[in-house]
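To start, the structure itself, in structure tokens.
The values are calculated or read from the model by the stated rules, or taken from the named source; none is laboratory data. Only a predicted model underlies this, so the values are computations on that prediction, with no experimental measurement involved. Because the Cβ atoms are built from the backbone with ideal geometry, glycine has one as well, and the counts that use them run over all protein chains shown.
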Amino acid sequence: MADNSIWSDDWEPGEDWSGGGSRSKRLPRGDDLGASVYELGPGNWVPFHFHHGSEELLVVLRGRPTLRTGEGSRQLEEGEAVHFPRGPDGAHGLSNETDDPVRYLVASTLRSPEVAEYPDTNQITAQARTGSQTGERLWLIHEVSQRTAE
């Protein structure tokens, strides 16, 4: 049986977009709502991004992460909750600029298919929980080319 406590150190292996210093575990989820707990090591980050299909709610469990939005950056307090709506107004990134790990929970609507944009890296991802024509789960990364002024 999986350990679903937000306080345990029972972490799952998985993809890490944080620069190598993040751990995660999925909490119980349904078809339309899910949550995961993350721990972000000192000096690591979650890239600045926004979703077209899903909205998210972040709750700081431990530590003081720095939140970046389209309005700037600020340090969050333990227990603080922040909502990220769909689209560019919900753009956000997180970093740990402290010497201690940061633990936080992210709850999300689980829209599929989903498209996310990463403005800093000029990437757009498309993913779905259904299979694609290759037989694999859909997960694509599109590099956005820079347009030059004419």
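Of everything in region 107-134, what is in contact with a Leu (Cβ under 8 Å, 6 or more places away or on another chain), more than 21 Å from Y38 (Cβ to Cβ) and of a type in the set (S, T, Y)? Give them in sequence order. Scanning region 107-134 gives T130, S132.
Among the residues of region 58-84, those identified as surrounded by fewer than 16 Cβ atoms within 10 Å (Cβ to Cβ) and more than 21 Å from R26 (Cα to Cα) are R64, G70, E71, G72, S73, R74, Q75, E77.
Looking at R74, R68, R86, R129, which one is outside any strand (DSSP E or B), without any contact (Cβ under 8 Å) to a residue 60 or more places away in the chain and not polar (S, T, N, Q)? Before the answer, list the steps.
On the way: R74 fails: outside any strand (DSSP E or B); R68 fails: outside any strand (DSSP E or B); R129 fails: outside any strand (DSSP E or B).
From the options R74, R68, R86, R129, the qualifying one is R86.
Hey, any hits in region 51-58 for a residue that's more than 21 Å from S95 (Cβ to Cβ), of a type in the set (D, E, K, R) and modelled with pLDDT of 90 or more? Yes, region 51-58 has at least one match. Tell me whether region 20-31 contains one or more residues that are closer than 27 Å to E143 by Cβ, within 13 Å of the chain's Cα centre (by Cα) and surrounded by 13 or more Cβ atoms within 10 Å (Cβ to Cβ). Yes, region 20-31 contains at least one residue that is closer than 27 Å to E143 by Cβ, within 13 Å of the chain's Cα centre (by Cα) and surrounded by 13 or more Cβ atoms within 10 Å (Cβ to Cβ).
The rows are residues; the columns are (1) modelled with pLDDT of 95 or more; (2) touching a helix residue (DSSP H, G or I) at 6+ places or on another chain (Cβ under 6 Å).
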| site | (1), (2) |
| --- | --- |
| D16 | no, no |
| S22 | no, no |
| P28 | no, no |
| S73 | yes, no |
| L76 | yes, no |
| F84 | yes, yes |
| L94 | yes, no |
